[in-house]
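Everything below concerns the one structure shown next.
Read the figures in this text as sums done on the coordinates, not as results from a lab. Every value quoted in this text rests on a predicted model; they were computed, and no experiment measured them. Here the Cβ positions follow ideal geometry from the backbone for every residue, glycine too, while neighbour counts run over all protein chains shown.
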Amino acid sequence: MKTPISFSNQTDGLDSGESYLIRPIQLDDRDGIIGLFNHLSPDSRYMRFAHAISKLPDAFLDDILHLDYKKEMALVAVMPNQTGIEEIVGISRYVTPPNQNTCEFSLSVSDDRTTHGIGTHLMLDLIACAKENGLEEMLGYVLSKNLKMLHLVSELGFQISNPDEDPDFKIVKLKL
């Protein structure tokens, strides 16, 4: 399984003309991931994690930073902050259950950077990685009231269905 080397700069949608880079997550991104989480409103945290959460668990951080590239990938969108230091403004990730060709994705973008195309680019690059790694389907579980995410995945071609067992969630699937 290949890991991506680099991704191109993206400037689409940023009113200020700033650019951001999408790249694979790195071991030293722990503080950046915590910073991104701290830039999410309580509502955004709830939409991402499906419950109230005020701090990222250490086990979650360890898991996301130590990837098994045979079955998972995490990409971050980074841009310089006011002091010129790289800041993580978004993250997308997929994980693959053992012995399956399906992966489950997640996506978070800093509240002050939503609606600028960063989430779309993160998802497009994540989908490309999944295809390159021979996966056949990407899926996600999205809260029914997370209209922004449902709109995004619909624009990317995901099929949206209602699971019988839980009306609070939608299942979104994309054949790769």
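Dipole magnitude for the chain: about 280 debye, using +1 per Lys or Arg Cβ and -1 per Asp or Glu Cβ, origin at the Cα centre.
First check a/c for the range 89-165, with a ≥ b ≥ c the square roots of the eigenvalues of its C-alpha gyration tensor; if it is under 1.5, answer rounded, and if not, answer prolate when a/b is larger than b/c or oblate otherwise. Because a/c hits 1.5 or more and a/b fails to exceed b/c, the range 89-165 counts as oblate. Charged neighbours of Glu136, selected by a Cβ distance under 11 Å, balance to +2 (K, R count +1; D, E count -1).
Count Lys and Arg as plus one, Asp and Glu as minus one, and take only other residues whose Cβ is under 15 Å from that of Asp62; the net charge is then -4.
If we count every other residue with Cβ under 11 angstrom of Gln159's Cβ, Lys/Arg +1 and Asp/Glu -1, where does the sum land?
Neighbourhood net charge equals +2.
Packing, taken as the mean count of other beta carbons within 10 Å per residue, orders the peptides 23-33, 107-117 from highest to lowest as 107-117, 23-33. Once the chain from Leu156 to Asp68 is taken as fully extended at 0.36 nm per residue, the excess over their C-alpha distance is 29.1 nm.
Straight-line reach from Lys170: taking Cα to Cα under 26 Å and skipping same-chain neighbours fewer than 8 places apart, the lysines in range are Lys55, Lys71, Lys131, Lys145, Lys148.
Here the sum of -39500 (n - 2.57) over DSSP H runs of 4 or more residues, divided by the residues of the chain, equals -8000 deg cm²/dmol at 222 nm, to the nearest 500. Considering only Thr115, Leu152, Pro98, and ranking their Cα positions along the charge dipole of the chain that arises from unit charges at the beta-carbon of Lys, Arg, Asp and Glu, the one farthest toward the positive end is Pro98. Karplus-based coupling profile of the range 85-93, in residue order and whole Hz: 7, 4, 10, 7, 10, x, 8, 10, 8, with θ = phi - 60° in 6.51 cos²θ - 1.76 cosθ + 1.60 and x standing for Gly or Pro.
Remark: spin-label model distance Thr83-Tyr141 equals 3.9 nm, labels positioned 7 Å along the Cα→Cβ axis. Each residue of the range 22-31 is assigned a 3J(HN,Hα), and the resulting list reads 9, 8, x, 4, 10, 4, 8, 8, 3, 5 Hz, derived from the Karplus form 6.51 cos²θ - 1.76 cosθ + 1.60 (θ = phi - 60°), x at Gly and Pro.
Nearest 0.05, what FRET efficiency do Gln100 and Glu18 give at R0 = 41 Å with Cβ-Cβ as r?
The calculated FRET efficiency here is 0.60.
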